[in-house]
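Read through the structure below, which is laid out as structure tokens, and then see the notes.
The values are calculated or read from the model by the stated rules, or taken from the named source; none is laboratory data. The model shown is predicted, which means the values in this text are computed figures rather than measured ones. For neighbour counting, all protein chains shown are included, and Cβ atoms are generated from backbone atoms with ideal geometry for every residue, glycine included. Ligands, DNA and RNA are excluded from the accessible area calculation, which covers all protein heavy atoms including side chains. Shrake-Rupley method; radii C 1.70, N 1.55, O 1.52, S 1.80 Å.
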Amino acid sequence: MSPTSPTSNAIATAIFRGAIDGYFPDTEELTVAELTAQHLPVVLKTLHDAKEAVKEEVRTISRDNEAIVESWMSMASSLRGDIDATKEKAEEIRELAEKEKALEEELENAEQHVKFLSSEIKFNDELASILGRLQLIGATLTQADVAIRRGEFEPAVAVLNGADEALARMTGFDDTVVIGLMKEKAKQLRAGLKQRVEDSWSMLMKVDEENASITLASTVELDEIEVESESIILTLETLGLLESKLEKFHQHLRDILIVPQLNAQDRLPRVEVDGDTIRSIRQESASSPVQIFSNLHIVIKFLSDHLPRKIIPLLQKIFIPDLTTRLISTPLTSSVPQRLDGIPAFEELLKAAQRFEEDLRKSGWTKERTLSEWVESAPKVWLDKQRELSLDAARKILRQGIGETQIVERSETRTVTADEGQSAMVAGVIEASGADDIDWGDNWGVDNDEEPEQPLPEQEPLTPASQTHPSKPPIERKESGGFLEDEEEEDDGVNGWGLDDEDLDMDDDHVQENKPLEPEPAQSSVPEPKAPTKDGGDGDGDGDGDGDEDIDWNAWGGDDDEEEHEDIPVPAPIATEKPPTENITAPTVAKREPPQHTPGPAPTSKSRRLSTNAKAVTLTETYTVTSIPAQLLSLITHVLEEAETLLSSPNYNSSPIAAAAPGIRALPTQLLAIFRALAPLYYTTFNHCGSMYLYNDCLRLIDQAPHITISNTTWAPNPKDLPQLTTFSKRIYSKEMESQRTILLDYLDAAQGFIACSDYPQSTECTTAITSTITHLTELHTSWSTVLSKSALYQSVGSLLNTVVTKLVNDIIDLSDISEPESVALAKYLEQLADALEPLFATPDPSGGEEGKVGEASNSRVVLYCANWLRFRFLEQVLRGSLADITYLWKEGILGQDFEREEVVELVKALFADTDHRRRALEEIRRS
């Protein structure tokens, strides 16, 4: 042991305190001290001493509390005695409870025995009662069986019903064999009764379908027992079978006696009564439909005499309504005559129908007036039949197609005035329209001895500096104005068809008939043209050029008088020199007014002097129509003749059908309406020129309808019929023109504005666009030339041509830079189009020679029908010309009549490089 190690006592004390108080040594020596065998005796002695001390302490405490412990022990002893006494009591109670339980079980057994004896007694009583009731039911069923065999159907039904009720009251015994047998017997007896009664009914109402006869008996003999019909009917009613039997009898009655009468054509079966039998006998001789009601009267009388009274009211409820319905739907409706000569026989049939229903009312078979009401509505029925036939005839006319075409002539007289210098142009227009030859010098008061106005000096062809075109003659400016030149803009050529500008208002209340053209007053000033826009507008409108979208195809026209009709816009060109017209206009000479400020010499007073004389000009033209107008007019004439005959003939003065005459007179309106509704479907199907044929046919109807004469009286159409037809025709024409414009513009749009037109592959696209446009216009001219009148053909094709040239001019003007190769290519395109399309407007030489050649303005009318033709040709000259040529043309006022100053400036900037010469030229153009 080291000198610093703790003593054994210190270690023993530390262990003792750790065991008693949980002490932990607080010195390092005790903490790390090693417990060896030497320390154990001291540690054990210390623990033993501590134990003895605790025992001594406990003894001391026990001696101090001895009295208290003794009292507790006394109380515990007493408590134990009480517990033992309680256990004895509990044992006694348990024994008593076991005895009580045994007594309760004996009581329950006794009660169950009593209940069993009571139920047995009750069962015996009920069994005796049930057996008694079963015996009674059995006797009842036996009684019912006997009654059925004797033919006593009503008592048998009552007995069976009583037996069924008795069996129904015996609930709870459904599974009993005896009850099951009783119910089965009752069921068999009821089935036998039902069969017996049905057999009796069949013998009472004998139906022989093979011989088409019905026999009605009053009694039936069953097993040598006679049964009355009333008993059979009451039994069927009680069994709930009467309605079905009557329905079946009604079917036989209808199929054997009624239907053959109604479905016969002209050989009605004869109805014959032989005692209790009625039969339908086929006959070979023809008979009148009036005989139907005589035969039906025989049937009704036979039923009244032979049917039991009880079932007559029941049969009436199903027989009479069906009969009247079949009479109306078959003989009466089918007998409505298609022609007037069938009305007398129809009236006899109506009278017979009224007499038949009156007889039914008197005999008590009906209280309704169905037939009389139909007879009273016979005029409306006949009118509906005529309407149906007429509309179907019109539909068939259209379905047959255009048929054979024919050339018809239309003449119109108009009073016109013209300037002295416009006689040649007016004469050309009159010649194109087929008017009579007129000596314009004599009739217009022109002094032929006076010297004519000096024309503009002939110009040499203008070409770019690098090229010349000696073979191309210059295009001279023709004097504008003259006969019928009352339109400033491009039009669709409606006036040439005989339709005035007033007709362009699509509101039918404002559509007017054709009237002579009034002379226009001389104007003191000429409006300055507005700059054209790219899409053909004038800058004031929207310029969308789409004027024919969303056309209202309410072809029937039935609501035109009830709702406001929107104006039908006319397709506007892409660009025009003047604002585009908003309405469809007729083929006429396009007006070319000069701008307000025209460079060059002022016109002389002689060239602007107006004649005070007026001339009545008869315009005659021919055009092609189909066979449809003639057939439709013939149908209208037939309808009107029937209406007139119905009103004026003494044979129909007292006829009730005469009340339908006003309705017949209204049928032409509906015929024209169905024509408007169906014509677009059929015309476009039968012919590629269908729209133009339809347009011509509408004009033919408008022209000829007012001349229909009935009994030396001219027919006056409904005030809205012809305006509605006019509106419809304009829609057809407008739609066709817009369709062709769209095709042409699509061709030109493929050129993409003719940008870089001299470079491949754009040059190919441009060439294809021009070629396609020329081909399409030429094909249209060829197709329409066999349909349209000459002036209408010129105006229609001219309107489309104006769309093309306007598009070309605008596309070229919009080019910001045009190189010399592009200028040459563009001029070549314009020349190609002009050379190909100008001959379409060529006219015979006035001297009697051949048709004028291209470039001979005196024999070509293209300038009259294409408003922008000179603008188009002058643009070609500008593309070919030099800077000096363009400046000269502007200063002389030649270009100023067709181009705005800024347009010429932009063309110069696009064609020529920015040099001093160009700047001086532009200054001269802006100053002049």
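Structure values in brief
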{"item": "Selected residue [within 30 Å of L840 (Cβ to Cβ), at pLDDT 90 or above and open to solvent by 50 Å² or more (accessible area, probe 1.4 Å)] from E900, E906", "result": "E900"}
{"item": "Matching residues, the stretch 293-311, being part of a helix (DSSP H, G or I) and exposed (fewer than 15 other Cβ atoms within 10 Å of the Cβ)", "result": "K301, S304, D305"}
{"item": "Index of the failed condition, L167 passing every other in (1) without any contact (Cβ under 8 Å) to a residue 40 or more places away in the chain; (2) over 27 Å from R309 (Cβ atoms); (3) open to solvent by 10 Å² or more (accessible area, probe 1.4 Å)", "result": "(3)"}
{"item": "Residue satisfying all of: in the stretch 388-425; of a type in the set (K, R) and either open to solvent by less than 60 Å² (accessible area, probe 1.4 Å) or touching a helix residue (DSSP H, G or I) at 6+ places or on another chain (Cβ under 6 Å) (or both); modelled with the lowest pLDDT among these", "result": "R414"}
{"item": "Test: L160 is of a type outside the set (D, E), in contact with a helix residue (DSSP H, G or I) (Cβ under 8 Å, 6 or more places away or on another chain), farther than 27 Å from D274 by Cβ and open to solvent by less than 70 Å² (accessible area, probe 1.4 Å)", "result": "yes"}
{"item": "Any hit, the stretch 748-757, residues being in the same structural domain as Q832 (by the TED database), surrounded by 21 or more Cβ atoms within 10 Å (Cβ to Cβ), part of a helix (DSSP H, G or I) and among the small types (G, A, S)", "result": "no"}
{"item": "Verdict on S363 being open to solvent by 20 Å² or more (accessible area, probe 1.4 Å), outside the structural domain of E641 (by the TED database), more than 38 Å from the chain's Cα centre (by Cα) and polar (S, T, N, Q)", "result": "yes"}
{"item": "Residue within the stretch 309-321 that is within 30 Å of V381 (Cα to Cα), charged (D, E, K, R) and touching a residue at least 12 places away in the same chain (Cβ under 8 Å) present", "result": "no"}
{"item": "Contacts under 7 angstrom Cβ, first residue in the stretch 129-151 being closer than 17 Å to A191 by Cβ and in the same structural domain as R169 (by the TED database), partner of a type in the set (D, E, K, R) and open to solvent by 60 Å² or more (accessible area, probe 1.4 Å), 6 or more apart", "result": "L141/K185"}
{"item": "Criterion: acidic (D, E), surrounded by fewer than 15 Cβ atoms within 10 Å (Cβ to Cβ), out of contact with any helix residue (DSSP H, G or I) (no Cβ under 8 Å at 6 or more places or on another chain) and closer than 24 Å to F319 by Cα - qualifying residue of E373, E348, E368", "result": "E373"}
{"item": "Identity of the residue in the stretch 616-656, among the small types (G, A, S) and exposed (fewer than 15 other Cβ atoms within 10 Å of the Cβ), that ends up nearest to I397 (Cα to Cα)", "result": "S634"}
{"item": "Any hit, the stretch 816-833, residues being under 13 Å from V862 (Cα atoms), of a type outside the set (V, I, T), open to solvent by less than 10 Å² (accessible area, probe 1.4 Å) and touching a residue at least 24 places away in the same chain (Cβ under 8 Å)", "result": "yes"}
{"item": "Given (1) among the aromatic types (F, W, Y); (2) crowded, with 16+ Cβ neighbours inside 10 Å; (3) closer than 24 Å to L826 by Cβ, index of the condition Y760 fails", "result": "(2)"}
{"item": "Helices (runs of 4 or more DSSP H) wholly inside the stretch 650-743 that include at least 3 residues being in the same structural domain as S377 (by the TED database) and within 28 Å of T803 (Cβ to Cβ)", "result": "667-686, 690-704"}
{"item": "Answer from A666, A659 - the residue that is surrounded by fewer than 16 Cβ atoms within 10 Å (Cβ to Cβ), touching a residue at least 60 places away in the same chain (Cβ under 8 Å) and within 27 Å of I343 (Cα to Cα)", "result": "A659"}
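Residue by residue, here is whether (1) assigned to a helix (DSSP H, G or I); (2) more than 30 Å from R254 (Cα to Cα); (3) hydrophobic (A, V, I, L, M, F, W, C); (4) touching a helix residue (DSSP H, G or I) at 6+ places or on another chain (Cβ under 9 Å) holds:
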residue: L127; (1), (2), (3), (4): yes, yes, yes, no
residue: L141; (1), (2), (3), (4): yes, yes, yes, yes
residue: P155; (1), (2), (3), (4): yes, yes, no, yes
residue: A168; (1), (2), (3), (4): yes, yes, yes, no
residue: I179; (1), (2), (3), (4): yes, yes, yes, yes
residue: Q188; (1), (2), (3), (4): yes, yes, no, no
residue: L193; (1), (2), (3), (4): yes, no, yes, yes
residue: V197; (1), (2), (3), (4): yes, no, yes, yes
